[in-house]
Every structure is written in C-alpha cells, then in structure tokens.
Amino acid sequence: RPTGGWIAAGLPHVTWIEPFVMLVLLPVEPRLVWFGDARAMERSWLRRTTFRWLGGVVPIHPGGVLDAFDGHVAAVRAVVAAGAVFALFPERGPAASPGHARPIAPGIGYFGLRTGAPIVPIVFGGTHELFRGRHIQMRIMPAVQATDLAAEASLSGAVLDERSAAHAVAAALHGMTAEAVADAHQAS
C-alpha cells in the first residue's frame, strides 16, 4: 500500500467495528481522516474528541446542499496532499447478506478521478456477528487508480463523461473486491 496520500475504501461496512479494526491494524502514520455521517461521528464530546485525536473527520451532513460535494472533494485533496489517508466506507443501499458487499456509491469514483489518489480496498470478514473470541479478517488489497478502473469500462468503445466514469469506477471496484469479500467472510 502507498505510504500516504491515498484513499482507503473499507467494505463491507456491516457494524460499528470496522473503523476500529482499521485503527488497530493499520500503522499510526499516515493518519486516517474519516469521511462519515456527522450525526454518528459528532454525537458526543467523546466521539468528537476521539476522531480528532485519531486523525480527523470530514463530516457528511444530512440534507447537504449541492455545493457540499465540492467541499468534500476539496477536503479529499487536502487530506491526500498532506500525505494522510482519506478513509471511507463507500457502500450504499440496504444491507447485504454476509459475504457480500452492497453496491458502491460513485462518490469514490469522483474522489479518485478528481484527486488522482490511489484507492486501496480494505476488505473485512467476520464483522457480521460480534462476540468474544470472534475471528475478524482485514485484508488490504493492492492499490488501484480510478483512471485505470474507468479505462477498463471505456475499452468497450464507450466515451465516458465524468459522471459515467465515476459510476464505472464504483462498479469496477465492487467487482474486483467481490471474491475477496466472500473469502474474508469464509475465513472468519
């Protein structure tokens, strides 16, 4: 994995434990800056203090205005330019069965395309049931470039605008991690 200035894409995101598994198993440096639901991450002074101490937060506020996305892209640029890791769980939609990831939202495609930062998929297994003695898997996959994932989609001859390219990145990322997600689940 790169030494800094990259995007960590964790999946599947099933419970509250995955961010903490990343915090425990990844090196302290480069710092992780989290992208997440402001209501959950800023709910209490303890959570606010913890996430700031651990690296930082780029909050997603519910019902944000359209220009909020430009602010998110600027935040990703600042994080990766500082040599830190922009950490997010890019899935969307209702829960999937254990061993499967939900579809990936195109936001990660935009972040990767607009910043040029490599995307490092981090796959979890065993987080669907938490109990003492539970074996949890975390697997770090090789870094990929959003432009390479989009280029694979355009090999079919389609000309991709940015929106189509971002969706192609999300679909390709989902496809390239599906087997690893299933394997991590089976191994847990």
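The values are calculated or read from the model by the stated rules, or taken from the named source; none is laboratory data. Small disclaimer: the values here were computed from a predicted structure and weren't measured. Cβ: placed from backbone, ideal geometry, glycine included. Neighbour counts: every protein chain shown. Remember, those area values only see protein heavy atoms, side chains included, never the ligands or the DNA or RNA. Shrake-Rupley method; radii C 1.70, N 1.55, O 1.52, S 1.80 Å.
Relative contact order of the stretch 107-180, taken over Cα pairs closer than 8 Å and 6 or more residues apart, is 38 percent. Take the chain, mark every one of the chymotrypsin sites (Phe, Trp or Tyr not before Pro) that falls in a DSSP loop and has at most 11 other Cβ within 10 Å, then report the longest stretch left between them, sites excluded. The reported range is 17-130. According to the calculation over all Cα-Cα pairs in the stretch 1-42, the P(r) per 10 Å bin from zero is 22, 58, 19, 0 %. Could you tell me what percent of the accessible area of the chain is made up of carbon and sulfur, with a 1.4 Å probe and every protein chain present? Accessible surface attributable to carbon and sulfur in the chain totals 58 percent. Note: relative contact order over the chain, using C-alpha pairs below 8 Å and six or more positions apart, is 29 percent. One equal scatterer on each Cα of the chain, no solvent, Debye formula: the resulting log10 I(q)/I(0) at q = 0.11, 0.12, 0.17 Å⁻¹ is -0.47, -0.56, -1.16. Accessible surface area normalised per residue over the stretch 106-185 is 47 Å², counting heavy atoms of protein chains with a 1.4 Å rolling probe.
Converting phi to 3J(HN,Hα) with the Karplus coefficients 6.51, -1.76 and 1.60 and the offset θ = phi - 60°, the stretch 86-103 yields 8, 9, 8, 10, x, 6, 9, x, x, 4, 9, 5, x, x, 10, 9, 5, x Hz in sequence order, with x at every glycine or proline.
Anything in the chain that counts as a DSSP H helix reaching 15 Å or more along its axis (C-alpha) with Kyte-Doolittle mean of at least -0.5? List them, would you? Working shown, then result.
Details: long enough: 68-81 (20 Å, 1.21); 162-187 (37 Å, 0.15).
Counting only whole DSSP H runs, the qualifying helices are 68-81, 162-187.
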